[in-house]
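Asker: Pasting a structure here, questions to come.
Derivation of every value follows stated rules applied to the coordinates shown; laboratory data play no part. What you see is a predicted model; the values in this text were computed from it and never measured. No Cβ is skipped: glycine too gets one built from the backbone with ideal geometry, and neighbour counts run over all protein chains shown.
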C-alpha cells in the first residue's frame, strides 16, 4: 500500500474541502474517481474520520492564513508561520 | 559524556538568546528559512555558527514518501550546509506534497514497506548531494495514516534500519501520538532503537476538539503546537531515555509562538537538564549494581 497516486489523493483530501466532502459522502466513488486501486479504495473506506476532520481543518486554517500572507515572504516562511498557527 | 541543551532559533527570541548564551549550548536553525536569503545573510548565519554550535533542521524535503525528493531542494540545502558548516542537519519523516500540490504541513505517510523503501532511497539521495547524512525526526499526526500496515514504532524501527539514519527523537510527538492513538508512551519509547538517538526535541501542546463533535474522549486529540510548556510526562520520558542510553544527547526546546520571557524558557531547559541527569544517575546506579553482581559471582 502507498504509491505516488495514493499520496496525491491524501494531499487533496487534506487540503481540498470539496474533495473531502465528496469523499466523506461516498468514499468508494471518490477514491475510484482518483484512479486508486480497489485495494487502496478499501483502505480509505476504513479511514480515521475523526482524524481526517482534524487534519483537514488544520490544513484549511493554514491555507487561509497563507492566502493572507504578504507576497514578499517565501513559501517556507509562510509554512513556518502556518506551523505556528495550527 | 556531555549532554547539551539548546533552543530552536526564532527571531522573536534572538535578543534573549544572545543575552543568555552562557546557558544555551546549541541552537537549531530552520534550514528552509535560509534557502532564498542573500549570501550575506547566509554568511551572517555562518558567523553565528562560529560563535555557538548550530544544527540545521529541514521541514520541506518530504523524504518519507514513495516520490523521489526534489533535486532543487537538495541543492539548496547543500549550498546552505557548505556556507554555514553546521554540526549536523535533520529532516522530518513526513511527506509534504503529492501530485505536485503542497500540503503546507508535515503529513504522516502510510506506514508500509513502500514508504520505508522510498524514505531510505530519499535519505541516501540527500546524503549524496549534501555530503552529510541527515538525522530523521518522528512527527506528530492528528490522523492515523490511511493505508498503514504497521504501527508507528514498527515503521520507525524499520525505517531507521533500512536507511541507517540516526534518530532525532521528538518526545512530545511521541507523547502526542501515543495518547491520541492508544499507545503507552513509555512502551513506545522502549520499542525504539535508542542507541541511534542523537538529538531530542521537547515542546508543548494542548487538547483540541473535533468540529461538530459531542466533546467525548474519542473526539479530541492532543495537538503539538509548540506554544505551551513542556508537559511533565515528556520530562519523564526524557528521564527514561537518559536511563536507557549511554551516548551524549543534544536536547532542543522548541517554542513557535506565545513566546514567554526568556527566564521561563531557560527554566524549562533546566528542568530538562534535571530530568536527563536523573536518568543518567539511574543508569549509572544500574551499571554499578551490575558490576557488583558480576564481582560477587567471581
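Asker: Among DSSP bridges having both ends in the range B:11-142, what percentage is antiparallel? Round to the nearest 5.
Answerer: DSSP beta bridges in the range B:11-142 are roughly 25 percent antiparallel.
Asker: Regarding the protein assembly as shown, what is the average projected area of its C-alpha convex hull, in nm²?
Answerer: 20.7
Asker: Give the peptides B:17-27, A:9-19 in descending order of average Cβ contacts within 10 Å, highest first.
Answerer: By packing density, highest mean first, the sequence is A:9-19, B:17-27.
Asker: Test of understanding: ordering B:181, B:5 by Cβ neighbours within 10 Å, fewest first, what list do you get?
Answerer: Ranking B:181, B:5 by Cβ neighbours within 10 Å, fewest first, gives B:181, B:5.
Asker: Here's another thing I want to ask about it. Under 8 Å for C-alpha pairs, at least 6 residues apart: give me the relative contact order for chain B, rounded to a whole percent.
Answerer: Relative contact order, chain B: 17 percent.
Asker: What percent antiparallel are the DSSP beta bridges of the protein assembly as shown, to the nearest 5?
Answerer: 20
Asker: Based on other C-beta atoms within 10 Å, arrange B:222, B:207 from fewest to most.
Answerer: Sorted ascending by nearby Cβ count, the order is B:207, B:222.
Asker: Something else about it: Which values of log₁₀ I(q)/I(0), to two decimal places, follow from the Debye formula for chain B at q = 0.09, 0.10 Å⁻¹ with a uniform point scatterer at every Cα?
Answerer: Each listed q maps to, in turn, -0.45, -0.56.
Asker: So for the pair residue B:232, residue B:44, with labels modelled 7 Å out along Cα→Cβ, what separation do we get in nm?
Answerer: Each label point lies 7 Å from its Cα, and together they span 4.3 nm.
Asker: Let me ask something additional. Multiply the residue separation of residue B:207 and residue B:79 by 0.36 nm, subtract the distance between their alpha-carbon atoms, and state the gained length in nm to one decimal.
Answerer: Roughly 42.1 nm would be gained on extension.
Asker: Which percent, to the nearest 5, of DSSP beta bridges fully inside chain B are antiparallel?
Answerer: Close to 20 percent.
Asker: So what is the relative contact order for the range B:1-147, in percent, with contacts set as C-alpha pairs under 8 Å and at least six apart?
Answerer: The value is 22 percent.
Asker: Sort A:7, B:117, B:240 by Cβ crowding within 10 Å, fewest neighbours at the top.
Answerer: B:117, B:240, A:7
Asker: Roughly how many nanometres apart are two label points built 7 Å out from the Cα toward the Cβ at residue A:42 and residue B:11?
Answerer: 5.2
Asker: Obtain the nm distance between the two label points defined at residue B:264 and residue B:124 by a simple spin-label model: each point lies 7 Å from its Cα along the Cα-to-C-beta direction.
Answerer: With each label placed 7 Å out from Cα toward Cβ, I get 4.7 nm.
Asker: To the nearest 500 deg cm²/dmol, what mean residue ellipticity at 222 nm is calculated for chain B from DSSP H runs of n ≥ 4 alone, each contributing -39,500 (n - 2.57), summed and divided by the residues?
Answerer: -14000 deg cm²/dmol
Asker: Please give the contour-minus-distance gain from residue B:18 to residue B:150: 0.36 nm per residue of separation, less the Cα-Cα distance, rounded to one decimal in nm.
Answerer: In short, 43.1 nm is gained.
Asker: Normalised by the number of residues in the range B:92-234, what is the relative contact order in percent for Cα pairs under 8 Å and 6+ residues apart?
Answerer: 21
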